[in-house]
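First up is the structure itself, then whatever we jot down about it.
The values are calculated or read from the model by the stated rules, or taken from the named source; none is laboratory data. As the structure is a prediction and not an experimental result, all values here were calculated from the model. Every residue, glycine as well, gets a Cβ built from its backbone with ideal geometry; the counts of neighbours run over all protein chains shown.
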Amino acid sequence: MSATPEQLLARLGALGIEVTTHRHPPLFTVEESKRLRGELPGGHCKSLFLKDKKGTLWLLVALEDRPIDIKSLRRMLGAKGSLSFGKPELLLEVLGVTPGAVTPFGLINDEDLQVTIVLDKAMLERDPLNYHPLTNEATTAIAARDLLRFIDDCGHQPVILDLDSEVAKAR
């Protein structure tokens, strides 16, 4: 059974992590989020649930406007074969969320540690960071250091990529 947004917020509270959550109509794209968020401060992010031909799973979390070159990313991650988006059924099974609500907070549901979390280094320099709290009907702001504490508490060790440097290398 997947954690609920309320269970997520309770776990963050138990870790002593302060967050602010804003409720809103369901959002499915970065463009919808930009239109509806108004002046909500901080780094706004996107999360991509990816898999390679061997079935290895990644969750890439980056600033929303960061262009992602999947071919370069494949090389950076050492993926086997091409990268593609994980199917909605697999996303629900592993992270407990549906398309439009993909979030690093989904790691709360990855008890078997199937996903490698990959974080954009530039994103971690923003404060706060904004993610869906397991639902696309809310946005939760969290400090970068607290996001890292949460990820660690879920048993994951993030891969932090300097995507600016890697993009420059690819050119």
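Just give me the residues in region 128-160 being assigned to a loop (DSSP other than H, G, I, E, B) and either closer than 27 Å to D69 by Cβ or at pLDDT 95 or above (or both), in sequence order.
P128, H132, P133, L134, N136, A143, C154, G155, H156, Q157, P158
Identify, please: which residue in region 103-146 is aliphatic (A, V, I, L, M) and under 10 Å from the mean Cα position of the chain (by Cα) and is, among those, nearest to D162 (Cα to Cα)? Can you show your working first?
If we filter region 103-146 for residues that are aliphatic (A, V, I, L, M), which is where we start, we get 107-108, 113, 115, 117-119, 122-124, 129, 134, 138, 141-144.
Then drop every residue that is not under 10 Å from the mean Cα position of the chain (by Cα), which leaves 107, 117-119.
Details: L107: 22, I117: 14, V118: 10, L119: 9 Å.
Only one residue tops the list, namely L119.
Just to verify a result, which residue in region 83-104, among those that are out of contact with any Cys (no Cβ under 9 Å at 6 or more places or on another chain) and in a helix (DSSP H, G or I), is surrounded by the fewest Cβ atoms within 10 Å (Cβ to Cβ)?
The extreme case among them is E89.
Consider region 41-59. How many of its residues are assigned to a strand (DSSP E or B), farther than 12 Å from L91 by Cβ and among the small types (G, A, S)?
Matching residues across region 41-59 total 1.
So, in region 4-34, how many residues would count as being at pLDDT below 95, over 15 Å from N130 (Cβ atoms) and charged (D, E, K, R)?
Final tally of qualifying residues: 1.
Can you run down the residue pairs with Cβ atoms below 9 Å, 6 or more apart or on separate chains, where the first is in region 109-126 and surrounded by fewer than 19 Cβ atoms within 10 Å (Cβ to Cβ) and the partner is among the acidic types (D, E) and in a loop (DSSP other than H, G, I, E, B)?
K121/D162; A122/D162
Answer yes or no as to whether I151 is among the hydrophobic types (A, V, I, L, M, F, W, C) and crowded, with 21+ Cβ neighbours inside 10 Å.
no
Is there a residue in region 78-87 that is over 18 Å from H132 (Cα atoms), more than 16 Å from the chain's Cα centre (by Cα) and in contact (Cβ under 8 Å) with a residue 60 or more places away in the chain?
Among the residues of region 78-87, not one is over 18 Å from H132 (Cα atoms), more than 16 Å from the chain's Cα centre (by Cα) and in contact (Cβ under 8 Å) with a residue 60 or more places away in the chain, which makes the answer no.
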